[in-house]
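J.: Supplied in structure tokens, the structure appears directly below.
The values are calculated or read from the model by the stated rules, or taken from the named source; none is laboratory data. What you are looking at is a predicted structure, and each value in this text was computed from that prediction instead of being measured. Cβ sites come from the backbone with ideal geometry, for glycine too, and all protein chains shown count toward neighbours. Protein only, heavy atoms only, side chains kept; ligands, DNA and RNA dropped before computing areas. Shrake-Rupley method; radii C 1.70, N 1.55, O 1.52, S 1.80 Å.
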Amino acid sequence: MKAKIAVGALAVLALGGGGVLWASASASAAPAAPSDVTFTRDRATPGDVTVKWSAVPGATRYNVSVFDGTRNTVTTLPGGTTAFALKQPSCVKLRVKVTSRDAFGAGGTSGNTYVDTTQPGPVQGLKAAFGEGQTTLTATWSQPKNLGVKPSSNGTPDAVQYRVDIFDRNSGRYPGGKYTEFPAQTVTTTDPTHTFTGLDPANGPYKLAVTAETGGYPTGTDGASCKNGRTVLTVDDTTATVTRLKTARTEPTAEAVTLTWEKPAYTTTTAITGYVVRYGERLNGADPTAFHEVRVVGQSVQLPATPLKAWMFRVYPVTAKGEGLPQTAKLDAIPGLETNKPAVTVRNTTNSLRVTLSTASGMFKTFPTTVVRIKETLNAETAYTDEATVAHGATDFQFLDLPQRRYLVQVVAVNGPNELTLYREIRDLNPAGLTGTALVEADFTAQHFAEPWGTDGYDLMVNRPSADMALYATTTEEIGYLWLRASSDGAGRVTGYQVSISRGSVHVGTYRGGAKCGGDLASVEYPYAWQDRTSPTHRIYAVVTGDTLTVYNDFDLMLTVPNLSAAHSTVCSDSPAPNGTQAGFHVLNTYTSSKLGPKTDIRVT
């Protein structure tokens, strides 16, 4: 077998005696990759696209690669060519690469050049809200991410306009026996909002359809079946669905999963009274065959769901008309979490935080992005937050000029709406300690209180300047419950909101004259691993501001009760919502003495 010699061209040298010597000539440098790759569309026939590039010295041919999302087509052109014309439907997004080659196949390839479609994509964030009496409906949205390719003759992009249709129960027609939907009203606007008037609630449910359009190119001239992005929203309580549903774990190995969500994208005709959360285990990728169920008033819940199993979560809004449609989130099982946790070092000054970690983004296939995040733990309504995305390898982050407050530092793995906390630590930048006023026993009015089941305890109450208040308690003992917006008659009969904290659950209820009024406003069960009385010190933070009550445990959001006064009315309609200016907590003699000892730290803000 003859050996193959991978060298340049061979030169022939004449030698004396009639001999011939084959010698390798100097190999020339391979052609560079084509540069300045651009494209243009023909305005009259936008399916005609011309790709251009700069000539490459030494190139004897060019390969032009065009990928339409399904198929990759390569066309070879002779050297000296610097343009290539192709026909593609104007609604197809193309990826183009140009490769230079010399006679020996050497050369380089350009980067990707994308030829966008001529038509804009769907609008984003479509929302709607009924006016009073449900005779008007206002729709709002934001422009599409992809605005399409729309160069006009003077180089100025053409404006995007929107076609907005509203359909009601009478919009269906059957011309020629075929069902066709005709809008009840149609408008065209350049503004990302429109209000429809003259609606009749009896004709509901209503459906909105918003289509982004552009006059930049004529449509259909290239024979393409292009369709503009059309976003549809059905406006009816029974089709309402929550938005921005997210899942997050407090630790990779934690049994807890926190779900958070936002209200439906439109204002329902009747008030949302709460949410139903159903969740279950996914086996072999299949949906659960059985679901656990939790009911909450707020827009978050924490659930026991081991990371060694795959889970599905469904959240339904509830109104007087029943349950809406579910929003679904899934979590996959993540093996080997403990061995993959990053090494994290946190340092701080009085106004900065520095986070150093040795890890790589994408350590978990199902959570490819890693984020460093800081968040103020108190003052929940106006919490300071900041975050940065981790690059590959050892990474160092600094957060400067921070307010002197208490912060939760987290390293979080992210996959779309799903998050997994890999590391967490509390850092206090306030040299004086925690935000708030530290309390001692002398600050409280202690009231002996006999529980119905015979266990003695104490209500410790303190006056506050207003009905907006927060109570922060750190204790290794079991707290019976916290009081917010409370008032007391001095004999153990308290009126106010009670946050009951026990081994395994948090309940929020309304009390009137020492007796509970109706059922819970909201409740949440803790993961089983948190129910052991010998667990480490817990930090309980309950805050009520305006018409919202929020409860945190160890700075994890436990539950939120929005529309607090309305929630109170549903369980205690014959009395006004509590508005007292006392805060306090109840301790049980079984676990805690009546004295505030070193194991208990109580602060108010």
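J.: Mind checking whether some residue in the range 309-318 is open to solvent by less than 10 Å² (accessible area, probe 1.4 Å) and at pLDDT below 90? Talk me through it step by step, then tell me what you get.
T.: At the first step, the residues of the range 309-318 found to be open to solvent by less than 10 Å² (accessible area, probe 1.4 Å) are 312-313, 315, 317.
Now drop any that are not at pLDDT below 90, which leaves none.
The answer is no, given that none of the residues of the range 309-318 is open to solvent by less than 10 Å² (accessible area, probe 1.4 Å) and at pLDDT below 90.
J.: Can we say Val508 is among the aliphatic types (A, V, I, L, M), surrounded by 22 or more Cβ atoms within 10 Å (Cβ to Cβ), outside any loop (DSSP other than H, G, I, E, B) and at pLDDT 80 or above? Talk me through it step by step, then tell me what you get.
T.: Details: among the aliphatic types (A, V, I, L, M): yes; surrounded by 22 or more Cβ atoms within 10 Å (Cβ to Cβ): yes; outside any loop (DSSP other than H, G, I, E, B): yes; at pLDDT 80 or above: yes.
When the stated conditions are applied, Val508 passes them.
J.: Looking only at the range 45-56, count every residue that is touching a residue at least 60 places away in the same chain (Cβ under 8 Å) and either open to solvent by less than 30 Å² (accessible area, probe 1.4 Å) or not in a loop (DSSP other than H, G, I, E, B) (or both) and tell me the total. Reasoning before the result, please.
T.: Kept after step one, since they are touching a residue at least 60 places away in the same chain (Cβ under 8 Å), are these residues of the range 45-56: 45-49, 51.
Narrowing the set further to residues that are either open to solvent by less than 30 Å² (accessible area, probe 1.4 Å) or not in a loop (DSSP other than H, G, I, E, B) (or both) leaves 46-49, 51.
The number of residues fulfilling the criteria is 5.
J.: Which of the residues belonging to the range 555-603 are of a type in the set (Ser, Thr, Tyr), within 22 Å of Gly514 (Cβ to Cβ) and at pLDDT 75 or above?
T.: Pass one, the range 555-603, residues of a type in the set (Ser, Thr, Tyr): 560, 565, 569-570, 573, 575, 581, 590-594, 600.
From what's left, within 22 Å of Gly514 (Cβ to Cβ): 565, 569-570, 573, 575, 581, 590-592, 594.
Correct list: Ser565, Ser569, Thr570, Ser573, Ser575, Thr581.
J.: Another question, if that's okay. Does at least one position in the range 169-188 carry a residue that is within 26 Å of the chain's Cα centre (by Cα), surrounded by 12 or more Cβ atoms within 10 Å (Cβ to Cβ) and either β-branched (Val, Ile, Thr) or at pLDDT 75 or above (or both)?
T.: So in the range 169-188, the residues within 26 Å of the chain's Cα centre (by Cα) come out as none.
Looking through the range 169-188, none of the residues is within 26 Å of the chain's Cα centre (by Cα), surrounded by 12 or more Cβ atoms within 10 Å (Cβ to Cβ) and either β-branched (Val, Ile, Thr) or at pLDDT 75 or above (or both).
This table checks each residue for (1) more than 30 Å from Ala209 (Cα to Cα); (2) among the polar types (S, T, N, Q); (3) out of contact with any helix residue (DSSP H, G or I) (no Cβ under 8 Å at 6 or more places or on another chain).
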position: Ser65; (1), (2), (3): yes, yes, yes
position: Leu77; (1), (2), (3): yes, no, yes
position: Gly80; (1), (2), (3): yes, no, yes
position: Ser90; (1), (2), (3): no, yes, yes
position: Arg101; (1), (2), (3): yes, no, yes
position: Thr109; (1), (2), (3): yes, yes, yes
position: Thr138; (1), (2), (3): no, yes, yes
position: Trp141; (1), (2), (3): no, no, yes
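J.: Still on this structure, please answer the following. Here is a list of conditions, (1) open to solvent by 50 Å² or more (accessible area, probe 1.4 Å); (2) at pLDDT 75 or above, and Tyr552 meets all of them except one; can you say which number that is?
T.: The failed condition is (1).
J.: Which residue is farthest from Val411 (Cα to Cα), if the candidates are limited to the range 337-374 and must be modelled with pLDDT of 85 or more and part of a loop (DSSP other than H, G, I, E, B)?
T.: Asn351
J.: Which ones in the range 400-420 are open to solvent by 10 Å² or more (accessible area, probe 1.4 Å) and in a strand (DSSP E or B)?
T.: Arg406, Leu408, Gln410, Val414, Asn415, Asn418, Glu419, listed by residue number.
J.: Restrict the check to the range 274-289 and report whether at least one residue is farther than 16 Å from Lys330 by Cα, open to solvent by 20 Å² or more (accessible area, probe 1.4 Å) and in contact with a Phe, Trp or Tyr (Cβ under 6 Å, 6 or more places away or on another chain).
T.: Quick first cut of the range 274-289, residues farther than 16 Å from Lys330 by Cα only: 274-276.
From what's left, open to solvent by 20 Å² or more (accessible area, probe 1.4 Å): none.
There is no residue in the range 274-289 that is farther than 16 Å from Lys330 by Cα, open to solvent by 20 Å² or more (accessible area, probe 1.4 Å) and in contact with a Phe, Trp or Tyr (Cβ under 6 Å, 6 or more places away or on another chain).
J.: Moving on. May I ask you to say which residue of Arg249, Arg230 is modelled with pLDDT under 85, open to solvent by less than 30 Å² (accessible area, probe 1.4 Å), among the charged types (D, E, K, R) and in contact with a strand residue (DSSP E or B) (Cβ under 6 Å, 6 or more places away or on another chain)?
T.: Working: Arg230 fails: open to solvent by less than 30 Å² (accessible area, probe 1.4 Å).
Being modelled with pLDDT under 85, open to solvent by less than 30 Å² (accessible area, probe 1.4 Å), among the charged types (D, E, K, R) and in contact with a strand residue (DSSP E or B) (Cβ under 6 Å, 6 or more places away or on another chain) holds for just one of Arg249, Arg230, which is Arg249.
J.: Taking the condition open to solvent by less than 30 Å² (accessible area, probe 1.4 Å), farther than 22 Å from Asp116 by Cβ and touching a Ser or Thr at 6+ places or on another chain (Cβ under 9 Å), does Ala59 pass? Step through it out loud before you land on a result.
T.: Details: open to solvent by less than 30 Å² (accessible area, probe 1.4 Å): yes; farther than 22 Å from Asp116 by Cβ: yes; touching a Ser or Thr at 6+ places or on another chain (Cβ under 9 Å): yes.
It is true that Ala59 is open to solvent by less than 30 Å² (accessible area, probe 1.4 Å), farther than 22 Å from Asp116 by Cβ and touching a Ser or Thr at 6+ places or on another chain (Cβ under 9 Å).
J.: Could you tell me which residue of the range 405-423 is farthest from the chain's Cα centre (by Cα), considering only residues that are at pLDDT 80 or above and not aliphatic (A, V, I, L, M)?
T.: Out of the qualifying residues, it is Tyr407.
J.: Where in the range 89-152 are the strands (runs of 3 or more DSSP E), entirely inside, with at least 1 residues that are open to solvent by less than 60 Å² (accessible area, probe 1.4 Å), modelled with pLDDT of 85 or more and under 22 Å from Ala44 (Cβ atoms)? Talk me through it step by step, then tell me what you get.
T.: Working: elements: 94-101, 113-115, 124-130, 137-142.
Hits in the range 89-152: 94-101.
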